[in-house]
1. Keeping all protein chains in the complex and leaving out DNA, RNA and ligands, what accessible area do you get for Trp177 with a 1.4 Å probe, in Å² to the nearest 10?
2. Considering the stretch 59-178, what Rg and Dmax in Å follow from its alpha-carbon atoms?
3. For the stretch 82-162, with the dipole built from +1 on Lys and Arg beta-carbon atoms and -1 on Asp and Glu ones, taken about the Cα centre, which of Thr147, Trp159, Trp99 lies farthest toward the positive end?
4. Measure nothing fancy, just the Cα-based angle from helix 110-128's long axis to the longest principal axis of the chain, in degrees from 0 to 90, nearest 10.
5. What's the carbon and sulfur percent of the chain's accessible surface, probe 1.4 angstrom, rounded to a whole number?
6. Just give me a number: lysine pairs in the stretch 31-178, eight or more positions apart or cross-chain, with C-alpha atoms less than 28 Å apart.
7. In the stretch 1-83, what GluC sites (Glu not before Pro) fall in a loop by DSSP, with at most 14 other Cβ atoms inside 10 Å?
8. Roughly how tilted is helix 22-43, in degrees to the nearest 10 and between 0 and 90, from the longest Cα axis of the chain?
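The values are calculated or read from the model by the stated rules, or taken from the named source; none is laboratory data. On a predicted model such as this, the values are computed, not experimentally measured, just so you know. Cβ: placed from backbone, ideal geometry, glycine included. Neighbour counts: every protein chain shown. Surface accessibility is based on the protein's heavy atoms, side chains included, excluding ligands, DNA and RNA. Shrake-Rupley method; radii C 1.70, N 1.55, O 1.52, S 1.80 Å.
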Amino acid sequence: MQDLETLRYPIGQFDYGKTVEPDETRQALEAIAALPHKLTALVGKWGDDQLDTPYRPEGWTARQLVHHVADSHINAYVRTKLMLTEDNPTIKPYEEGEWAKLPDSTLDVATSLVILSNLHARWVTILASLTNEQLRRTYYHPGMQKTFLVSEVMNLYAWHGEHHYQHVYRLAERSGWL
């Protein structure tokens, strides 16, 4: 069994505050664009037994992870639009752990996979059109007491998608489902 830290952060923790280079922004855009297809290809045909397996001891199930990614990326999409239309808006944090306990987290993952596919199509359209000036727009996160640049948010959500993809991929690998 892997150590808990590796199970929690299979690709390491996100590096907040790092300067984002233009090639990293392009790579983040590509990762955000690819995530819905990649995640659907991995879990789209899984049965309930697989989906209801926690990715680590005391962790969320694969089903909860898929629904969490949709919830999180919906918030990120809205925050992106706020950054581009308002001056340094203060965003509304949410309790992701509490959201994962709500009844919609027990639905078939297809509902969230479809949301992700359509949401990312819209989000990537916006992100791909951004100028260097727009990539420097910001929002303030009161829970973290930090201001984020659009370019940093792009990298954060590229990391976030891959982080959770690796949770379910490595679960499948350990369980012999690949």
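1. 80
2. 15.5, 49
3. Farthest along the dipole direction, towards plus: Thr147.
4. Between helix and principal axis, roughly 20 degrees.
5. In the chain, the share of accessible area belonging to carbon and sulfur is 52 percent.
6. 9
7. Those that pass, being in a loop and sparsely packed, are Glu58.
8. 30
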